[in-house]
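K.L.:
One structure, as C-alpha cells, below. Some questions next.
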Amino acid sequence: MRRRAFLTVTGGTLLAPWAEADAPPPAVVDLHVDLSYQLNYEGKGIDRASGNLLADELTASGYVGLVLPLYIPHDVSKDGPRASDLEQSYRRLIGELRQRPPFATPGTVRGARPVQTWLSFEGAAPLAGASVRQVASWVARGVRLFGLVHMYDNAVASSSGRTAAFRSVPQGLTDAGRDLVERVHQMGGVVDVSHASDATVDDVLEMARSAGSPVVATHSNARALARHSRNLDDQRLRAIGESGGVVGVNFHGPYLVTGRRAQMSDVVRHIQHMVNVAGVEHVAIGSDFEGGIQEPPGLEDVRGLPRLAALLRAQGLPREVIERVFAKNALRVLAGR
C-alpha cells in the first residue's frame, strides 16, 4: 500500500529531524547521470566528465548507485539515432567502467567496487519496428529503464519538447511505440516518461496499468511549482505513484523555478511537493548531472548531495523520508520489487 507523508517545511510544525547529527551522509542512487553522453560525444573522461560527476568523490558523498542513459544526440545522422550508435555508446561506456573503480559494471556484484550501475535509454526509436526484438538482449546487458523520447518526436512517441516545426507524429504513442512498451513490459523492463508529452505519459500509464508494471520519470519535477512542459502535473505525479513507480527530482534550474536562478531550497520544495502528491515511497533523485544543466549553488557536483540532505534535515524531514528519497525508492524499482 502506498504511504503518504504530508510535510511542512515553512509556516508550520516541523517533523522530527535527522536523529544522528554526526551520521554519515545517506546512501544515494541517482536515476539519471549523462556520463555516456560526455564520454561518447563531448570527449570527456570518466574521472571528472564535465565536472558534475567526480569519480573520486562518489563514495564519500554517499553514492551507491547510478543509472547511466545511453543518450544519442538527435543530429548524429540525417536519420537520427541508430542501433549502431547505441552499440558504440554501450561499448565505450562499459569499457570505461571496467577500468575505473569505484564503478561496478551493470549486472555485477558491487564487492570492492561500491557504486552499482544500471543502464537506460533516453530515446528508444532505434528499437522501433522489427528491432523491437532487441529489447530482450538490452535487458540482459543491464538496461533497466526505457526512455522513449528526448527533445523531439520520434518513431515511437511524441515529446514534451515538440513544437510546430518538429511535429513528426501524432500526440502520444505510435503503433510502433505501443509495440515497444508492450515488449518492455514482457521483458521485465520499466518505461521512463521523462521528456514524454502529456499524451505519451497518459498512454504509457494506461498500458502499465493493464500490464501491472510501474512507470518511472527518471528526471522530472513538479509542474505546480515550475510550469514547464518537461515537468509533471499533480495528476500524473499521483498516477506514477499509484503504478508503484518513482519520479526523480531534477537539479536543472529551469525545471525548478522560473524567473530567477534556482537555489537548493527549490529542490527541497519540489521534494516536499512530490512526496505529498505521489507518496513517500515514490520520489527519488534524478539529478541530470552531466547533462549540461544549470545547477543550484551548492549542487554543482556530487559533493552537494550531503548538503542537500543536511538542508532537508534542517527543514524537519525525518530520516526515513530522506533515506527513501535518496536511495531506497529507486532501488526498489531498479531491483524489480
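The values are calculated or read from the model by the stated rules, or taken from the named source; none is laboratory data. On a predicted model such as this, the values are computed, not experimentally measured, just so you know. Positions of Cβ are generated from backbone atoms using ideal geometry, with glycine treated the same way; all protein chains shown enter the neighbour counts.
K.L.:
For residues that are of a type in the set (A, V, I, L, M, F, W, C) and buried (at least 24 other Cβ atoms within 10 Å of the Cβ), scanning just the range 67-85, find the one that is nearest to the chain's Cα centre (by Cα). Working first, answer last.
P.N.:
Keep residues of the range 67-85 that are of a type in the set (A, V, I, L, M, F, W, C), which gives 67-68, 70, 72, 76, 83.
Those still in the list that are buried (at least 24 other Cβ atoms within 10 Å of the Cβ) too: 67-68, 70, 72.
Values: 67: 7, 68: 9, 70: 12, 72: 16 Å.
The qualifying residue nearest to the chain's Cα centre (by Cα) is 67.
K.L.:
Return the total of residues in the range 49-90 being aromatic (Phe, Trp, Tyr) and without any contact (Cβ under 8 Å) to a residue 40 or more places away in the chain.
P.N.:
0
K.L.:
Would you pick out the residues in the range 298-337 that are under 16 Å from the mean Cα position of the chain (by Cα) and of a type in the set (Val, Ile, Thr)?
P.N.:
302, 325, 333
K.L.:
Show me the helices (runs of 4 or more DSSP H) found entirely inside the range 225-298 where at least 3 residues are touching a Phe, Trp or Tyr at 6+ places or on another chain (Cβ under 9 Å) and touching a residue at least 40 places away in the same chain (Cβ under 8 Å).
P.N.:
Helices (runs of 4 or more DSSP H) meeting the threshold: 264-278.
K.L.:
Just give me the residues in the range 129-156 being part of a loop (DSSP other than H, G, I, E, B), at pLDDT 95 or above and surrounded by fewer than 23 Cβ atoms within 10 Å (Cβ to Cβ), in sequence order.
P.N.:
141, 142
K.L.:
Which numbered condition in (1) assigned to a helix (DSSP H, G or I); (2) crowded, with 23+ Cβ neighbours inside 10 Å; (3) β-branched (Val, Ile, Thr) is the only one that residue 94 fails?
P.N.:
(2)
K.L.:
Applying the selection to the range 28-43, what residues are closer than 13 Å to residue 306 by Cα and either free of Cβ contacts under 8 Å to residues at least 24 places away in the same chain or touching an Asp or Glu at 6+ places or on another chain (Cβ under 7 Å) (or both)?
P.N.:
None - no residue of the range 28-43 is closer than 13 Å to residue 306 by Cα and either free of Cβ contacts under 8 Å to residues at least 24 places away in the same chain or touching an Asp or Glu at 6+ places or on another chain (Cβ under 7 Å) (or both), so the list stays empty.
K.L.:
Here's something else I'd like to know. Here is a list: 16, 83, 49, 21. Which entry is of a type in the set (Gly, Ala, Ser), farther than 30 Å from residue 111 by Cβ and modelled with pLDDT of 90 or more?
P.N.:
On inspection, the qualifying residue turns out to be 83.
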